[in-house]
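*Asks:* Can you read through this structure? Questions will come right after.
The values are calculated or read from the model by the stated rules, or taken from the named source; none is laboratory data. All values reported here derive from a predicted model rather than from experimental measurement. Note that each Cβ is placed from the backbone with ideal geometry, even for glycine, and that neighbours are counted across all protein chains shown. Only protein heavy atoms, including side chains, enter the accessible area calculation; ligands, DNA and RNA are left aside. Shrake-Rupley method; radii C 1.70, N 1.55, O 1.52, S 1.80 Å.
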Amino acid sequence: MHDLVHRAPLGGDMNWLWAIILGLVLGVIARALIPGKQAIPLWLTVIFGMLGSVLGNWAATGIGVEDTKGIDWTRHLLQLIGAVIVVAVGSRLWAMVRGRSHHQQRA
């Protein structure tokens, strides 16, 4: 119990750091897999990657993939698929919103 108390605060802080790193990695990989250019900033790529990771975790839990010993390839693949979906949809929405704001400024 003593060991858990000492590790809990560090684990909480590190979870956010790992979520951001995972979001960056998944977002960048997703952008590379999607054909064409995604005109979204890096900060939005990280957020979309994080959302994709959450979506992939949700899907993994839904199909019954629990924590496994070693590398959980199924969960990671589902996280990447989630990131591809979120980046693809999010970049189109971003382009639409940015296009409208630029169009309104010109009018």
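*Asks:* Being modelled with pLDDT of 85 or more and either under 20 Å from Leu17 (Cα atoms) or among the β-branched types (Val, Ile, Thr) (or both) is the requirement here; does Trp43 meet it? Explain how you work it out, then say what you get.
*Replies:* Working: modelled with pLDDT of 85 or more: yes; either under 20 Å from Leu17 (Cα atoms) or among the β-branched types (Val, Ile, Thr) (or both): yes.
Spelling it out, Trp43 is indeed modelled with pLDDT of 85 or more and either under 20 Å from Leu17 (Cα atoms) or among the β-branched types (Val, Ile, Thr) (or both).
*Asks:* Now a separate question. Pull up the range 52-75, narrow it to residues that are open to solvent by 90 Å² or more (accessible area, probe 1.4 Å) and part of a helix (DSSP H, G or I), then point me to the one that is modelled with the lowest pLDDT. Quick ask: steps written out before the conclusion?
*Replies:* So the first thing to find is which residues in the range 52-75 are open to solvent by 90 Å² or more (accessible area, probe 1.4 Å), and the list is 54, 58, 63, 66-67, 69, 71, 73.
Now restrict to residues that are part of a helix (DSSP H, G or I): 54, 58, 73.
Numbers: Val54: 92, Trp58: 90, Trp73: 87.
Out of the qualifying residues, it is Trp73.
*Asks:* For the range 34-46, name all the residues that are surrounded by fewer than 17 Cβ atoms within 10 Å (Cβ to Cβ) and within 15 Å of Leu24 (Cβ to Cβ). Give the derivation first.
*Replies:* Of the residues in the range 34-46, the ones surrounded by fewer than 17 Cβ atoms within 10 Å (Cβ to Cβ) are 34-37, 39, 41-44.
The answer is Pro41, Leu42, Trp43, Leu44.
*Asks:* Looking at (1) open to solvent by less than 40 Å² (accessible area, probe 1.4 Å); (2) within 19 Å of Ala30 (Cβ to Cβ); (3) at pLDDT below 90, which is the one condition that is false for Gly90?
*Replies:* (3)
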